[in-house]
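The values are calculated or read from the model by the stated rules, or taken from the named source; none is laboratory data. All figures in this text were calculated on a predicted structure; none of them were measured in a lab. Quick reminder, even Gly has a Cβ in these numbers, built from the backbone with ideal geometry, and neighbours come from all protein chains shown. SASA here: full protein model, heavy atoms, side chains in, ligands and nucleic acids out. Shrake-Rupley method; radii C 1.70, N 1.55, O 1.52, S 1.80 Å.
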Amino acid sequence: MQSRAKALAAYLAAVLLLTGCSEKKQTAGDEPAVSSLQMMELNEKNKPEEIDDAYRNVYEIFPYSYCDSNGDGIGDLQGIISKLDYIHDTGFNAIWLTPVCPSPSYHKYDITDYESIDQSFGTLADYDQLVKEAHERNMKVYFDLVINHTSSSHPWFQKAAVYLKQLGDNPVNPQDCPYVSYYNFTKKKDTGYASLPGTDWYYEARFSDGMPDLNLDNENVRNEIRNIMQFWIDHKVDGFRLDAVTSYYTGQPEKNIQFLTWLNQTGKEMKPDLYFVGEAWTQQSEYASYYASGIDSFFDFAAGDNDGLIAKTLKGDFGADDFVSYMAKEEELYGSYSPAYINAPFYTNHDMNRSAGYYAGDDGTLTKEALAMNLLMSGNAFLYYGDEIGMKGSGIDENKRAPMYWSDDQTEDTCNGPAGMGKVTMKFPPLDQQEEDPLSIYSYVKQALLIRNAFPSIARGRTIVHDEINEEEYAVFERKAEGYPSVLIAINTSGEEEQIDLSKLNYKELSAVLTSDENKVTYEDGILNLPAHAIVVMEADQ
């Protein structure tokens, strides 16, 4: 225990320095015979609350690989539209689309036209239909805003390149070609710069030669960005996911924060409830400071991925008590920069290895609990398509973006996946089989989302730690939010049943449970018997 505590302290130091009402609940002694039924029958008594704010359950969709509507093997907007009922019924109330604008790549992060839809995905009318139908289901739509760079095929860059090639030894005059100032051109070769063919010029391109970085200090570029945001706001977008915010000004966090402050103010002048979530893939100490910009959310990289705190907890590197303490500490950290912050917890995304490969020999139990731990964090939670069924995919990026596993059969919905993708053999069954199995990963995730929707304090509250109860194997915490009933959550991260004394806390009955097998949760006289890798939620009396 002592060595584990030291390990956690070292981890946290590294991260920080480098980085309404539910229906009547089940009472004790009134349990069904098996936990899967206990989970279903108990949880279904809790009704989701529809609250119009930025605390959501967001489903990340990589359109190219999600659902094909026209038989060309490429996912498209009409395919997503056809799955909106599935997404909504699973428990999601927002979607984030990775880029859908015209681009020469399959991933679309190198944009050639910011105010159109890539023809492989459909049309602007398809996009408008998608947003309309999502809103009819009380689902928000977040658009991926890629403004660190454009494609080298973008007309802005092409015009600047032609100008420089014809310039010769004459001095640069932006009045002759305004687009030459849209990018960071120089005659000095430096790290992160690419050579402009046919000239002695270089241009900043931190990601690849085909993705030239924009000069975000240029007022004309900022006007372009303002117009791009206005365009999509006019098309009813609810928010923007901001790509690569640490690369706006590489190695200059303060300038990034200044630019994000301008971006946030500009966007919210157009739409006061516009939501921003930023990708700041860096140490927690740095992305925490970005909250000073006023941007609503930043992805919580310290908790996700194969080496994040969720996975480390389930691998035994840290304890359940460590995980709970960590949540409380990071809430305090983020709040120190912006009291209005909204965390953006996630477990995996399109740039990471799929989570089903994190745990050797896992029968699905650890994958389930990890997904629940993410969804039990406060804030606006994100889940990558396919994680709800435990998809696999690792190695090259294309493998991480494999087709959604709808069925073992090649149905009309199934995409081909990106060119160059290796053979990805799935570990768990496809969706159509998991939907029929109450003990599947899908059924478990659906129950976790139901719980998150039914108890608003889970997403909106602050974490209260009970160190006097918590141990390495299990932990108890409260989540309190103004205007909503408090909840108590108990989590067992061990492979054994744990007995927890809750008699000193004012929670009288089970409200919801998450279990992976047929063992029962019991709660009597303040003593909670929590099966291996099980989770319990209790709501305080009002």
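Miscellaneous remarks
Here is a yes/no grid of residues against (1) at pLDDT below 95; (2) buried (at least 21 other Cβ atoms within 10 Å of the Cβ); (3) under 30 Å from Asn380 (Cβ atoms):
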residue	(1), (2), (3)
Tyr142	no, yes, yes
Asn148	no, yes, yes
Ser151	no, yes, yes
Gly168	yes, no, no
Cys177	no, no, no
Thr186	no, no, no
Ala194	no, no, no
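- Pairs meeting the criteria (first residue in region 531-542 and over 13 Å from Lys508 (Cβ atoms) and of a type outside the set (Gly, Ala, Ser), second residue modelled with pLDDT under 95 and not in a loop (DSSP other than H, G, I, E, B), beta carbons under 7 Å, at least 6 apart or on different chains) are Pro531/Ser35.
- Wholly within region 451-542, strands (runs of 3 or more DSSP E) carrying at least 2 residues that are at pLDDT 95 or above and within 29 Å of Ala54 (Cα to Cα): 462-465, 474-481, 484-492, 512-514, 535-539
- Residues of region 128-140 that turn out to be part of a helix (DSSP H, G or I) and either open to solvent by less than 10 Å² (accessible area, probe 1.4 Å) or in contact with a Phe, Trp or Tyr (Cβ under 7 Å, 6 or more places away or on another chain) (or both), as a count: 3
- Residues located in region 61-82, provided they are under 20 Å from Lys400 (Cβ atoms) and open to solvent by 10 Å² or more (accessible area, probe 1.4 Å): Tyr64, Ile74
- Looking across Gly357, Gly278, one residue alone is closer than 26 Å to Ile61 by Cβ and modelled with pLDDT under 95. It is Gly357.
- The sole residue among Glu254, Glu279 that is open to solvent by 20 Å² or more (accessible area, probe 1.4 Å) and on the phi < 0 side of the Ramachandran plot is Glu254.
- Matching option when the condition is in contact with a Lys or Arg (Cβ under 8 Å, 6 or more places away or on another chain), among the hydroxyl-bearing types (Ser, Thr, Tyr), surrounded by fewer than 21 Cβ atoms within 10 Å (Cβ to Cβ) and at pLDDT 95 or above, among Thr90, Thr98: Thr90
- Unique match (being part of a helix (DSSP H, G or I), of a type outside the set (Lys, Arg) and either open to solvent by 10 Å² or more (accessible area, probe 1.4 Å) or at pLDDT 95 or above (or both)) among Ala340, Ala311, Ala302: Ala311
- Filtering region 466-496 to residues that are within 26 Å of Leu37 (Cβ to Cβ) and surrounded by fewer than 15 Cβ atoms within 10 Å (Cβ to Cβ) leaves Gly495, Glu496.
- Of everything in region 282-296 that is touching a strand residue (DSSP E or B) at 6+ places or on another chain (Cβ under 7 Å) and not in a helix (DSSP H, G or I), the residue that is surrounded by the most Cβ atoms within 10 Å (Cβ to Cβ) is Ile295.
Yes or no, residue by residue, for (1) at negative phi; (2) among the aliphatic types (A, V, I, L, M):
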| residue | (1), (2) |
| --- | --- |
| Asp432 | yes, no |
| Asp437 | yes, no |
| Glu498 | yes, no |
| Lys508 | yes, no |
| Leu514 | yes, yes |
| Thr522 | yes, no |
| Gly526 | no, no |
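- Among residues of region 345-365, those that are surrounded by fewer than 24 Cβ atoms within 10 Å (Cβ to Cβ) and not in a loop (DSSP other than H, G, I, E, B), counted: 2
- The lone exception for Met327 - which of (1) surrounded by 22 or more Cβ atoms within 10 Å (Cβ to Cβ); (2) of a type in the set (A, V, I, L, M); (3) over 20 Å from Tyr55 (Cβ atoms) it fails: (3)
- All of Asp432, Asp387 fail the test of being at pLDDT 95 or above, acidic (Asp, Glu) and open to solvent by 50 Å² or more (accessible area, probe 1.4 Å), apart from Asp432.
- Exclusive hit being within 24 Å of Phe301 (Cα to Cα), aliphatic (A, V, I, L, M), buried (at least 18 other Cβ atoms within 10 Å of the Cβ) and within 27 Å of the chain's Cα centre (by Cα), set Leu260, Leu216: Leu260
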